[in-house]
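Heads up: the structure comes next, in structure tokens.
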Amino acid sequence: MPNSVTPLRVLQISDLHLKTQPSSQVWGVDVDAGLNAVLACARERHPTVDLILVTGDLVGDEPEAYPRVRQILEPLGVPVYCLPGNHDFPAAMGQYLREGRVQWQRYVSVGDWQFVLLNSSFPGSPEGHLAFSELMLLDTVLATSPKHTLVCLHHNPLSVDTPWLDTMTVANGKALFTVLDRYSQVRAVAWGHIHAEFSARRGDLHLLATPATCVQFKPGTAEPQIDTQPPGYRWFELYPDGRLETGVERVDPARHSSD
């Protein structure tokens, strides 16, 4: 637990796309090897972590793969809080990740910080949408708690200047920012989905996307293109006064290859 001078240390991983069969591939990339390499790198570079956030697409269209998600992430020994993406199955995810260290959680409070994990998935569509109940959850949390806040979801809530991915943003992203703009304690919004790094600001609000643990997509393209960038994760240091530091670490495949 962080104290008055020690930051809360958080890792974000995203877009695991795990399958029931180990060493399955997505766009020619071994999803298990990528995840294992990312986790090995994270353990080496960030040996002390308070919690891990997984921002969607835990599985790749196979609900039977959720036990493998738990099998791989549970040994990390820290709380792992997940939310669904467009390749997930919320009903199955809620069943398999109901308890233990690896959970689908909606709200988490640790020290001077709180985390709101929103479900932006929309059944039968790759596009994002925040149901009224999700926006109400966010508004209620922010109205009742002044803690510094990190908001997480899967889909990008605004354009990331990659045309084919920008067809799958949160359709009602303006409604999200209408809520966020009312509360000064929100420090950052973090998401996955785009399989790439992204960083921008909206006033004092950090807007952050995290690379996938599997295949990477090249930013700025009109059609899907694989990027040569290796997989990665995002780290956060969250201070009691609301200051945050963050960065993306990419895996060195030669040093962190899976056995």
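Derivation of every value follows stated rules applied to the coordinates shown; laboratory data play no part. From a predicted model like this one, the values you see are computed outputs, not experimental measurements. All Cβ positions, even for glycine, are placed from backbone atoms using ideal geometry, and neighbour counts span all protein chains on display.
Descriptive notes on the structure:
- In the chain, Cα pairs under 8 Å separated by at least six residues give a relative contact order of 23 percent.
- Going from the residue with the fewest nearby Cβ atoms within 10 Å to the one with the most, S120, S125 rank S125, S120.
- Amide proton proximity set for Q114, modelled H, under 5 Å, gap of 5+: H148, T149, L150
- For the pair E245 and T20, the difference between a 0.36 nm per residue extended length and the Cα-Cα distance amounts to 77.4 nm.
- 5 angstrom amide H check on V102, placed H, neighbours 5+ away: V80
- Ranking of K174, K147 by count of other Cβ atoms within 10 Å, fewest first: K174, K147
- Under the shape rule built on the C-alpha gyration tensor, where the axes satisfy a ≥ b ≥ c, region 1-69 is prolate, since a/c reaches at least 1.5 and a/b is greater than b/c.
- Note: relative contact order over region 28-122, using C-alpha pairs below 8 Å and six or more positions apart, is 25 percent.
- Taking the centroid of alpha carbons for each part, region 46-88 and region 199-236 are 18 Å apart.
- Bridges between two residues of region 8-250, per DSSP, are antiparallel at a rate of about 50%.
- Along the chain, longest interval not containing exposed GluC sites (Glu not before Pro), exposed being DSSP loop plus at most 15 other Cβ atoms within 10 Å: 128-259
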